[in-house]
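Structure record follows, encoded as structure tokens.
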Amino acid sequence: MPQLGLLHGRVWASLLGKLLRPPGAVCIGAVHSHSQVAEAVLVSQLKPHQEKSNFIIKTPKGTRDLTPQQMVVREKILDLVVSCFKRHGAKGLDTPAFELKEVLTEKYGEDSGLIYDLQDQGGELLSLRYDLTVPFARYLAMNKVKKMKRYHVGKVWRRESPTIVQGRYREFCQCDFDIAGQFDPMIPDAECLKIMCEILSGLQLGDFLIKVNDRRILDGMFAVCGVPESKFHTICSSIDKLGKMSWKDVRHEMVAKKGLAPEVADRIGDYVQCHGGVSLVEQMFQDPRLSQNKQALEGLGDLKLLFEYVTLFGIAEKISFDLSLARGLDYYTGVVYEAVLLPTPAQAEEEPLNVGSVAAGGRYDGLTFGEKIRTTETQVFVASPQKNFLQERLKLIAELWDAGIKAELLYKNNPKLLTQLHYCENMGIPLVVIVGEQELKEGVIKLRSVASREEVAIKRENLVAEIQKRLSES
């Protein structure tokens with residue numbers, strides 16, 4: 001599922017300079033006078049509390065107000081962005097500002113610590129959304145939607161240290177475009193890059209470059225360099241900081257803080273400092289270490305195909321294969337990309353304003369369909385491979401219910417076994433108990449793991465205890 005996110009709160013400084021005209025003196029005076037009155041009223045109302053707590057009138061750290069003048073700029077930007085999304089056939093979607101905490105956890109890797117948790121409300125643990133991607137995946141799974149091209153514009157929240165100079169806030173607006181579904185390789189991904197180019201060109205922010213890489217290439221690189229598999233995600237998170245930190249500092253973090261062997265870090269350094277066009281992709285195909293890794297070869301093959309498509313789209317000169325690009329979020333599984341603004345010649349001589357990435361995204365095949373978000377709490381499904389076994393299924397499910405086990409069956413007299421098993425896979429039900437003629441003769445019940453498809457025969461009298469044991473271990 002290819003995805004891109006735009007305007008992650010970091011391009012406003014450039015946009016304001018280009019699009020915002022200074023207001024007239026009369027307008028400033030009027031607004032200032034109104035602000036003085038409002039502040040005087042607010043202070044008078046809060047005066048008793050102010051004496052006790054030194055109350056300061058300010059926005060929370062990492063947030064800001066947008067003035068009417070800034071809203072004009074914002075609306076111009078969003079009009080251009082949404083028009084582009086619609087031109088490419090996307091439908092609008094909106095999701096709640098907060099989600100169940102369990103929906104968001106374990107989707108962001110080390111960034112999970114940046115999620116804002118809310119207090120328990122009516123027995124539900126909730127969190128503010130960190131991005132618009134995981135809520136979209138939840139929407140697809142909950143509504144059983146397998147194909148959709150959608151855009152979403154909305155606020156997200158991240159509990160990180162804000163760097164206002166670079167436009168990094170704790171609350172900011174994201175503009176997301178996602179293509180959900182199964183398609184031939186790299187065609188939707190190339191369209192995402194084309195959309196990115198159209199929007200950044202339309203905003204006239206100056207020259208830009210889109211870096212591309214593939215998480216399979218990264219994992220292959222880690223493997224051939226000697227990174228333990230258990231450290232892949234955490235080392236990937238360090239590599240993702242190369243746009244903000246020097247290689248020396250990233251290497252120090254990997255070795256001193258994450259326990260990576262110095263010689264392994266040095267081998268990684270040989271790769272992550274490489275960038276170029278399709279010729280670099282060809283060069284990596286011939287690399288003596290990387291060419292021996294199956295994952296890396298798959299990623300390189302897709303990148304070669306991607307370069308063919310972006311050439312047809314006329315944007316190849318804007319695309320750079322960059323082995324340092326990691327995108328720290330754990331849900332990316334394939335191609336990743338990130339757009340950065342390039343300094344002008346005048347800026348290059350001075351200290352340019354570094355606003356970081358202005359658009360980014362990637363492919364995340366496992367987030368929705370390979371790793372389903374469950375919409376039911378059912379623990380066990382009762383099935384039969386043969387006809388005329390409804391009574392046995394009903395007796396068995398009653399036994400499970402009486403033991404406090406959450407169980408389901410299909411409301412049909414003679415459902416096909418394949419239909420029953422597919423239902424379990426689609427609903428994310430972890431266990432299936434199967435009763436048939438052979439099981440009745442032997443006094444056993446088959447217990448099947450939906451994930452591994454392994455089956456074991458359990459004595460009927462031991463079935464409840466075995467299920468409870470498995471559920472407690474999961």
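The values are calculated or read from the model by the stated rules, or taken from the named source; none is laboratory data. Note that the coordinates shown come from a computational prediction; the quantities given were computed from them, not determined experimentally. Positions of Cβ are backbone-derived with ideal geometry, glycine not excepted, and every protein chain shown enters the neighbour counts. Ligands, DNA and RNA are excluded from the accessible area calculation, which covers all protein heavy atoms including side chains. Shrake-Rupley method; radii C 1.70, N 1.55, O 1.52, S 1.80 Å.
Could you say which residue among Tyr151, Tyr116 is of a type in the set (Ser, Thr, Tyr), at pLDDT 90 or above and touching a Ser or Thr at 6+ places or on another chain (Cβ under 8 Å)? Break it down into steps so the answer makes sense when it comes.
Numbers: Tyr151 fails: touching a Ser or Thr at 6+ places or on another chain (Cβ under 8 Å).
Within the list Tyr151, Tyr116, the selection yields Tyr116.
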Open item on the list: Just to check your reading of the model, which residue among Glu473, Glu439, Glu466 is open to solvent by 60 Å² or more (accessible area, probe 1.4 Å) and either in contact with a Cys (Cβ under 9 Å, 6 or more places away or on another chain) or among the acidic types (Asp, Glu) (or both)?
Closed with: Glu473
Task: Residue selected from the stretch 36-63 under the condition loosely packed, with under 12 Cβ neighbours inside 10 Å, modelled with pLDDT of 55 or more and hydroxyl-bearing (Ser, Thr, Tyr), by the criterion farthest from Glu198 (Cα to Cα) - done: Ser53
TODO: Inspect all residues belonging to the stretch 455-470 and state whether any of them is assigned to a loop (DSSP other than H, G, I, E, B) and of a type outside the set (D, E, K, R).
DONE: no
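Would you confirm whether any residue within the stretch 270-278 is small (Gly, Ala, Ser) and in a helix (DSSP H, G or I)?
Filtering the stretch 270-278 down to residues small (Gly, Ala, Ser) leaves 276-277.
The next check asks that each one be in a helix (DSSP H, G or I); those that pass are none.
No, there is no match, as no residue in the stretch 270-278 is small (Gly, Ala, Ser) and in a helix (DSSP H, G or I).
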Task: Residue list for the stretch 320-337, restricted to those being under 22 Å from the mean Cα position of the chain (by Cα) and closer than 15 Å to Lys211 by Cα - done: Phe321, Asp322, Leu323, Ser324, Leu325, Ala326, Arg327, Gly328, Gly334, Val335, Val336, Tyr337
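For (1) of a type in the set (Asp, Glu); (2) in contact with a Cys (Cβ under 9 Å, 6 or more places away or on another chain); (3) open to solvent by 60 Å² or more (accessible area, probe 1.4 Å), each residue gets a yes or a no:
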position: Phe222; (1), (2), (3): no, yes, no
position: Val227; (1), (2), (3): no, no, no
position: Ser230; (1), (2), (3): no, no, yes
position: Asp240; (1), (2), (3): yes, no, no
position: Glu253; (1), (2), (3): yes, no, no
position: Lys257; (1), (2), (3): no, no, yes
position: Leu260; (1), (2), (3): no, no, no
position: His275; (1), (2), (3): no, no, yes
position: Pro288; (1), (2), (3): no, no, yes
Task: the stretch 242-251, subset free of Cβ contacts under 8 Å to residues at least 60 places away in the same chain and assigned to a helix (DSSP H, G or I), residue least open to solvent (accessible area, probe 1.4 Å) - done: Val250
Task: Identity of the residue in the stretch 387-434, charged (D, E, K, R) and either without any contact (Cβ under 8 Å) to a residue 40 or more places away in the chain or assigned to a loop (DSSP other than H, G, I, E, B) (or both), that ends up least open to solvent (accessible area, probe 1.4 Å) - done: Glu408
Open item on the list: Looking at the structure I just gave you, is Arg374 open to solvent by 30 Å² or more (accessible area, probe 1.4 Å), basic (Lys, Arg), over 30 Å from Leu463 (Cα atoms) and modelled with pLDDT under 95?
Closed with: no
TODO: Taking the residues in the stretch 97-120 that are part of a helix (DSSP H, G or I) and under 20 Å from Met1 (Cβ atoms) as candidates, determine which candidate is most open to solvent (accessible area, probe 1.4 Å).
DONE: Asp111
TODO: Kindly establish whether Asp111 is under 17 Å from Glu171 (Cα atoms) and not small (Gly, Ala, Ser).
DONE: yes
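Examine the stretch 229-236 for a residue that is of a type in the set (Val, Ile, Thr), part of a helix (DSSP H, G or I) and modelled with pLDDT under 95, and state whether such a residue exists. Please lay out each step first, then the result.
Quick first cut of the stretch 229-236, residues of a type in the set (Val, Ile, Thr) only: 234-235.
From what is left, the residues that are part of a helix (DSSP H, G or I) are 234-235.
So of that shortlist, the ones also modelled with pLDDT under 95 come out as 234-235.
Within the stretch 229-236, one or more residues are of a type in the set (Val, Ile, Thr), part of a helix (DSSP H, G or I) and modelled with pLDDT under 95.
Select from the stretch 64-96 the residues that are part of a loop (DSSP other than H, G, I, E, B) and loosely packed, with under 14 Cβ neighbours inside 10 Å and list them in ascending order.
Kept after step one, since they are part of a loop (DSSP other than H, G, I, E, B), are these residues of the stretch 64-96: 64-67, 88-90, 93-96.
Selection gives Asp65, Leu66, Thr67, Gly89, Asp94, Pro96.
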TODO: Mind listing just one residue for me: the one in the stretch 121-152 that is surrounded by fewer than 13 Cβ atoms within 10 Å (Cβ to Cβ) and among the polar types (S, T, N, Q) and, of those, farthest from Thr95 (Cα to Cα)?
DONE: Gln121
- [ ] State which residue is most open to solvent (accessible area, probe 1.4 Å) when the search covers only the stretch 290-322 and only residues that are of a type in the set (Val, Ile, Thr) and either out of contact with any strand residue (DSSP E or B) (no Cβ under 6 Å at 6 or more places or on another chain) or assigned to a helix (DSSP H, G or I) (or both).
- [x] Thr311
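Say we look at the stretch 435-454 and pick out the residues that are of a type outside the set (Lys, Arg) and in a strand (DSSP E or B); which of these is nearest to Glu399 (Cα to Cα)?
Ile445
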- [ ] Return yes or no: is Ala326 open to solvent by less than 10 Å² (accessible area, probe 1.4 Å), of a type in the set (Gly, Ala, Ser) and modelled with pLDDT under 90?
- [x] yes
TODO: Tell me, please, whether a residue that is surrounded by 20 or more Cβ atoms within 10 Å (Cβ to Cβ), in contact (Cβ under 8 Å) with a residue 12 or more places away in the chain and over 22 Å from Asp131 (Cβ atoms) can be found in the stretch 169-188.
DONE: yes
Open item on the list: For the stretch 191-213, check the following and say yes or no: at least one residue is surrounded by 21 or more Cβ atoms within 10 Å (Cβ to Cβ) and at pLDDT below 90.
Closed with: no
Task: Selection count where residues are open to solvent by less than 30 Å² (accessible area, probe 1.4 Å) and within 14 Å of the chain's Cα centre (by Cα), scope the stretch 153-168 - done: 2
